[in-house]
Amino acid sequence: MKFIYVDESGDFGFSQKSTKYVIIAASFTCRPKEISIWMKRIRKRKLNKKSRKSNELKAADAKEDFLNYFYEHANLDLDFSVYAAIVNKTKIPYQLRSEEGLIFLRSVEQLIDLAKAEFSPTMYWYFDRRPVKKIHWGTISQIIKEKLFLFSTSRKPIIEIHSVDSSRNLNIQFADFIAYAIGRFVNRGDNSWYKIIKPHIKKLKEVKFKRSK
C-alpha cells in the first residue's frame, strides 16, 4: 500500500519575475501516519508559540535554521521516496503557454511514467488543492486515475485520487518542503537542502512536449 503526496515549486507564469522551471514532486511513503506525527513534533520543537498557531507550514516562509533542521531530520528519521517532473517553461510550445491545465496534466502524466517502479496494487494519491486554469479538476483526476489503472499489474487495483486542502493536511505540507528543496536547486542552483535529502530522491526528469509539425 502506497500513499503519494504531490506538490509543486515554482509558478506557471511567463513574466520577468516568474521562475524558469516548475517542479512537480511526488513523495511516496508506506507510513503516512509516521510523517504526520513527525510534522507535529517538529512544529512543536522548533517553532515558537506564535508560529505554531498557523495552520499551514510552508517552506518558502520558513527560516533557514528551521529548514536545515527539517531536511536533516527528515533524511534521518523518515522512510520516503521522491520522483519529480521538471517543466522547463522555455520549452513549452507557444500555443500551449496559456493552457496551464494542459501543461499540469501533461507533467503529472510523465511523473506517473517516471515513478511506476514505486507502484503498489493499492495507492492513494493526494494533490494540493488549488485552481487549475482552463481545466476542471474532475477531468484531471479522471485522466490520472485511468492512467494509473492501465499501469497497474494487479487484477483488482485500488486507486484513489484526492485533492486536499494543504492547510489541513500535514503530509501535503511535508511534500511542499520536498518540492521546495528541488525547486531551489533547479531554479537557483542552490543545493543546500537538495543534497541533504538526495538519498531519497530516486528520479528527476524534464517534461517533454510534442510540437506540431
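Computed from point charges on the beta carbon alone (+1 for Lys and Arg, -1 for Asp and Glu), the dipole magnitude for the chain about its Cα centre is near 160 Debye. Cross-link pairs exceeding 26 Å between alpha carbons, from the set Lys33/Lys203; Lys89/Lys195; Lys40/Lys205: Lys40/Lys205.
The alpha carbon centroids of region 70-96 and region 147-213 are separated by 5 Å.
Across region 117-122, rounded Karplus estimates of 3J(HN,Hα) from the backbone phi angles (6.51 cos²θ - 1.76 cosθ + 1.60, θ = phi - 60°) give 5, 8, 5, 10, x, 10 Hz, Gly and Pro being marked x. Beta-bridge orientation, region 2-206: approximately 45 percent antiparallel, per DSSP, counting only bridges with both partners inside. Let me check I've understood the local charge: for Asp165, count other residues with C-beta under 13 angstrom from its C-beta, Lys and Arg +1, Asp and Glu -1. What total comes out? Local charge sum for Asp165: -1. Return the FRET efficiency for the residue pair Glu109, Leu76: r is the Cβ-Cβ distance, R0 is 25 Å, and the value is rounded to the nearest 0.05. Given R0 = 25 Å and the Cβ-Cβ separation, E is 0.15.
Only the coordinates and a few stated rules stand behind these numbers; no lab work does. Because the structure is a prediction, the values reported are computed rather than measured. In this analysis, Cβ positions are derived from the backbone assuming ideal geometry, glycine residues included, and neighbour counts consider all displayed protein chains.
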